[in-house]
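The values are calculated or read from the model by the stated rules, or taken from the named source; none is laboratory data. From a predicted model like this one, the values you see are computed outputs, not experimental measurements. Backbone-built Cβ (ideal geometry, glycine too); neighbour counts: all protein chains shown.
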Amino acid sequence: FIKSSLIIFSAKINFSNIMILNKTALITGINGMDGSHLADFLLKKGYKVYGMERRSSSPNRRNTSHLEDKITFLNGDLTDQNSLLRCLQKSNPDEVYNLASQSFVGQSWNIPEQTSDVTGLGVLRMLEAIREYTKATGRTTDYKMAKRPIKFYQASSSEMFGRMVENPAKETTPFYPRSPYGVAKLYGHWITKNYRESYGMFACSGILFNHESERRGIEFVTRKISDGVAKIKLGLEPHITLGNLDAERDWGYAPDYVEAMWLMLQQETPDDYVIATNNKYSIRDFLSIAFNHAGINDWEKYVKQDPRFMRPAEVDVLRGDYSKAENEMGWVPKTSFENLVKTMVDNDIKLLQHA
Ligand code: NDP
Ligand code: GDR
């Protein structure tokens, strides 16, 4: 009864407060920013959550330590096909969220092959593993025929738009990636679409624009700034060293964006959606709000530029049109840019004070 009610009301209702019982999700990239926020979100909905993590020489659960007794961690790597199959066997999921990737654009010029292998081919390996597992359990991959299809979410990126042939970009905008990372994501996007069309899989590609949170990796520009501002405020560092300050991004808040991932898999038919705010701000704007919030008005004095942080090919501007997601799934961004920046700065000041 719950399932059929949800289908009937799926188009316009905001699902945020509805509990979904007895569903199981497998999240790759569980220890990353989005993986941890998505796990929080799905647990609130009553999901059983499995998180795939790769082996590392020292524990890497900074974002997920609070989840250790709430979810099941599984060992797997997007470069190792059999490990993916074993993760599926152990979790037997209704939904797979493929969030793992080499996600740092700047690094993708230093390790282009590894980036292509994980961020591009890794998607194919997971889709193939789902296909094999579905067959092995006597089911069809065609979601229209299957009693219990395995739904698949692929974490695609606004970096696929790169040079921005159209501004703001939407689902129909031609792609023009500008980094090995963007090119690899484009492969992941198309192979997801192709498996949907070839095998009838319920496979969706979420084209997400930049989103940030207190759990963002320290090398990304927003967290580098919020952490740097906190250190300057507390007298721990004299300045922040950055690259190109003129780049503009469409920045949203990660907890808002993981809801969109889930919504895509609750629709009647699989499709691709742009998730964004339709606003853009420069790195300078971010710096200005972050420093101001910490009570420092002359931010230019505290910021140095270094060619080490410049990219061989830059994406100058990104901005996305999320109207399809709004019209079809009722999704809108909830958190303003100002509040995002302030939350990140407050969090880093608090973290350093506690340390
Ligand atoms: P993170 O970098 O925070 O997380 C990525 C995760 O992938 C990490 O936990 C990492 O593990 C894991 N990983 C890397 N390589 C492998 C591998 N070979 N096998 C298994 N796991 C691996 O990224 P985000 O949470 O920010 O992003 C989630 C996804 O969304 C990524 O695919 C990213 O490319 C994409 N995306 C992100 C956007 C954003 O603005 N945040 C926008 C659009 C797309 P480990 O912890 O061990 O390093
Ligand atoms: P991005 O995020 O490349 O958009 O990818 P990042 O924060 O790394 O860069 C944003 C912009 O800031 C400029 N920049 C700097 N960037 C970093 N990291 N460090 C610096 O010191 C610095 N100075 C200036 C960059 O040149 C760039 O223009 C993120 C990732 O989460 C991807 O995985 C995701 O797909 C895209 O967002 C959408």
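Overview of results
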read-out: Boolean, residue 52 is at pLDDT 95 or above and aliphatic (A, V, I, L, M); value: yes
read-out: Single unsatisfied condition, residue 185 versus (1) more than 10 Å from ligand 1 (Cβ to nearest atom); (2) in a helix (DSSP H, G or I); (3) crowded, with 22+ Cβ neighbours inside 10 Å; value: (1)
read-out: Residue, surrounded by the most Cβ atoms within 10 Å (Cβ to Cβ), within region 276-288, restricted to residues that are farther than 26 Å from residue 326 by Cβ and in contact with a Leu (Cβ under 9 Å, 6 or more places away or on another chain); value: 287
read-out: Selected residue [away from ligand 2 (no atom under 15 Å from the Cβ) and either of a type in the set (Phe, Trp, Tyr) or on the phi > 0 side of the Ramachandran plot (or both)] from 209, 286, 291, 220; value: 291
read-out: Within region 87-108, tally of residues that are away from ligand 1 (no atom under 13 Å from the Cβ) and over 20 Å from the mean Cα position of the chain (by Cα); value: 5
read-out: Qualifying residue in region 64-73 (condition: within 24 Å of residue 260 (Cα to Cα), in contact (Cβ under 8 Å) with a residue 60 or more places away in the chain and assigned to a helix (DSSP H, G or I)); value: no
read-out: Enumeration of residues in region 199-212 that are part of a helix (DSSP H, G or I) and within 15 Å of ligand 1 (Cβ to nearest atom); value: none
read-out: Of all residues making up region 149-177, the number that are touching a Pro at 6+ places or on another chain (Cβ under 7 Å), in a loop (DSSP other than H, G, I, E, B) and either more than 13 Å from ligand 2 (Cβ to nearest atom) or among the aliphatic types (A, V, I, L, M) (or both); value: 2
read-out: Residue satisfying condition, being farther than 17 Å from residue 234 by Cα, out of contact with any Pro (no Cβ under 8 Å at 6 or more places or on another chain) and away from ligand 1 (no atom under 16 Å from the Cβ), within set 289, 296, 283; value: 289
read-out: Selection count where residues are more than 16 Å from ligand 2 (Cβ to nearest atom) and within 23 Å of the chain's Cα centre (by Cα), scope region 119-148; value: 8
read-out: Residue 196 vs. criteria closer than 29 Å to residue 123 by Cβ, part of a loop (DSSP other than H, G, I, E, B) and among the basic types (Lys, Arg); value: no
read-out: Residue in region 234-244 that is touching a strand residue (DSSP E or B) at 6+ places or on another chain (Cβ under 6 Å), over 23 Å from residue 307 (Cβ atoms) and either at pLDDT 95 or above or assigned to a loop (DSSP other than H, G, I, E, B) (or both) present; value: no
read-out: Test: residue in region 315-324 that is at pLDDT 95 or above, away from ligand 1 (no atom under 16 Å from the Cβ) and among the hydrophobic types (A, V, I, L, M, F, W, C); value: no
read-out: Test: residue in region 80-93 that is within 16 Å of ligand 2 (Cβ to nearest atom) and either more than 26 Å from residue 45 (Cα to Cα) or outside any helix (DSSP H, G or I) (or both); value: no
read-out: Tally of residues being more than 16 Å from ligand 2 (Cβ to nearest atom), closer than 20 Å to residue 79 by Cβ and not hydrophobic (A, V, I, L, M, F, W, C) across region 181-203; value: 1
